[in-house]
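To keep things clear, I will list the structure first and then write my remarks on it.
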Amino acid sequence: MTGILRLPPRLRFRGVVGTGGIGSGSFFLLDGNETLGREESRSGRFLDRRDYCKLHIISHYVKVLLGEACSVHAIGRVGDDDDGRRLCSEMGAAGIDLGLVHVIPDAPTLFSFCLVYPDGAGGNLSTADSASSRVDAAAIREAAPLARELGAEGIALAVPEVPLAARRELLDAATACGMFRAASFTNAEMEEVRSSGLLERVDLCALNLEEAAAAAGIRDGRSGGEPDVIARSAVKELSTAYPRLQLSITAGKTGSWCWDGNSLGFDPAIRVEAAGTSGAGDAHFSGILAGIAAGLELREAHELGTMAAAASVTSPHTIHPALTADLLRSVARRRGRLCERAAALLDTANGGS
């Protein structure tokens with residue numbers, strides 16, 4: 001398959017090996033913006049939106065952006081059910097290698113029930129006993145030959161919805177092989193991430209604003225609650241503790257920040273007509289990874305991340321089913337500025353921007 005981006009003759013990274021959740025979900029729109037009470041009964045309706053989990057979203061976009069030039073290998077588990085079969089079929093059709101994705105007969109495929117309020121806020125309820133919870137150190141060790149073969153030309157991707165211990169195993173293996181290590185963590189995982197020093201095994205960490213504050217041990221009273229203040233405070237704390245760590249911090253329609261180890265950059269969100277915002281952060285992460293694989297510096301790759309996120313929210317689904325070069329170029333024109341190297345990647349072989 002031909003990727004969306006116009007790539008140099010040789011990529012900086014030629015393969016991605018990732019672990020994280022593989023699953024689906026439903027969106028339920030609640031009536032009223034009041035926070036749902038513990039014993040409350042509330043009406044609402046299901047939305048016509050397809051939901052996917054983190055590894056699937058990020059892997060899909062990286063593969064669509066880079067095409068055959070970069071292999072993408074998923075490490076995961078699905079149930080012996082219709083959802084698992086459908087998801088594997090979709091991932092395979094996108095060109096993702098599923099040799100390290102196995103079926104667990106006695107566990108269901110990961111499922112999330114997404115509650116959405118009319119004002120756009122919401123949260124997820126996910127199955128704790130899913131097949132994704134069975135991803136363990138042995139599953140990661142299956143990928144060892146591939147990690148060694150890619151070495152310094154590979155990216156290890158460790159994202160939520162599989163146990164933290166499995167992600168630690170992947171980051172350890174990647175460290176031993178000299179791979180570039182990219183990761184994200186949930187807010188609930190940050191206490192363990194902080195106490196274990198896990199960020200010492202990460203080169204690039206992608207977080208939303210709340211996760212970044214938790215990772216840095218910041219409380220609202222100290223930050224003042226302003227997104228820019230929170231982001232800068234988080235970067236200061238994390239860069240002091242982990243001098244080699246690069247960061248991407250997203251804050252929805254506000255925009256995003258990137259820390260390349262020396263300076264902090266801010267990229268405002270691109271204004272588009274949004275059909276659904278779920279999955280935008282994962283699309284942003286995938287754009288950054290694709291840019292880095294193509295040889296861009298983090299600041300430049302960050303711009304691709306912003307474009308990928310903006311394009312993704314024009315679909316109601318957490319994976320845009322029709323992401324194209326034309327759509328990315330349209331989004332790029334909306335922002336009014338673009339670094340030369342990022343713009344060059346949008347000048348596809350099928351036509352200029």
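The values are calculated or read from the model by the stated rules, or taken from the named source; none is laboratory data. Small disclaimer: the values here were computed from a predicted structure and weren't measured. All Cβ positions, glycine included, derive from the backbone under ideal geometry; neighbour counts span all protein chains shown. SASA here: full protein model, heavy atoms, side chains in, ligands and nucleic acids out. Shrake-Rupley method; radii C 1.70, N 1.55, O 1.52, S 1.80 Å.
Between 295, 276, the distinction of being over 30 Å from residue 200 (Cβ atoms) and either in contact with a Lys or Arg (Cβ under 6 Å, 6 or more places away or on another chain) or of a type in the set (D, E, K, R) (or both) belongs to 276 only.
Filtered by the rule that a residue be more than 27 Å from residue 273 (Cβ to Cβ), out of contact with any helix residue (DSSP H, G or I) (no Cβ under 9 Å at 6 or more places or on another chain) and not in a strand (DSSP E or B), region 118-129 gives 128, 129.
Among the residues of region 235-243, is there at least one that is hydrophobic (A, V, I, L, M, F, W, C) and open to solvent by 50 Å² or more (accessible area, probe 1.4 Å)? Yes - at least one qualifying residue is present in region 235-243. If I ask for residues that are open to solvent by less than 30 Å² (accessible area, probe 1.4 Å) and at pLDDT below 90, which ones from region 205-234 would you list? 217, 218, 223 - these are the residues of region 205-234 that are open to solvent by less than 30 Å² (accessible area, probe 1.4 Å) and at pLDDT below 90. A single member of 192, 161, 200 is on the phi > 0 side of the Ramachandran plot and not basic (Lys, Arg), and it is 161.
Among all positions in region 284-303, there is at least one residue which is closer than 26 Å to residue 17 by Cα and among the aromatic types (Phe, Trp, Tyr). Looking across region 5-59, the residues that are in contact (Cβ under 8 Å) with a residue 24 or more places away in the chain, of a type in the set (A, V, I, L, M, F, W, C) and under 28 Å from residue 83 (Cα atoms) come down to 16, 17, 22, 27, 28, 29, 30, 47, 53, 55, 57, 58. Quick check: anything in region 209-223 under 20 Å from residue 53 (Cβ atoms) and hydrophobic (A, V, I, L, M, F, W, C)? Scanning region 209-223, I find no residue that is under 20 Å from residue 53 (Cβ atoms) and hydrophobic (A, V, I, L, M, F, W, C), so the answer is no. Looking only at residues in region 118-132 that are modelled with pLDDT under 90 and open to solvent by 80 Å² or more (accessible area, probe 1.4 Å), which one is farthest from residue 89 (Cα to Cα)? Of everything passing the filter in region 118-132, 119 is farthest from residue 89 (Cα to Cα). Of all residues in region 103-121, those that are farther than 15 Å from residue 86 by Cα have Cβ atoms under 6 Å from Cβ atoms of residues that are in a loop (DSSP other than H, G, I, E, B) and open to solvent by 70 Å² or more (accessible area, probe 1.4 Å), 6 or more apart or on another chain, in 105/80; 117/33; 118/33; 119/33. Residues that are among the small types (Gly, Ala, Ser) and within 24 Å of residue 15 (Cα to Cα) within region 287-310 comprise 287, 290, 291, 293, 294, 295, 301, 305, 308, 309, listed in sequence order.
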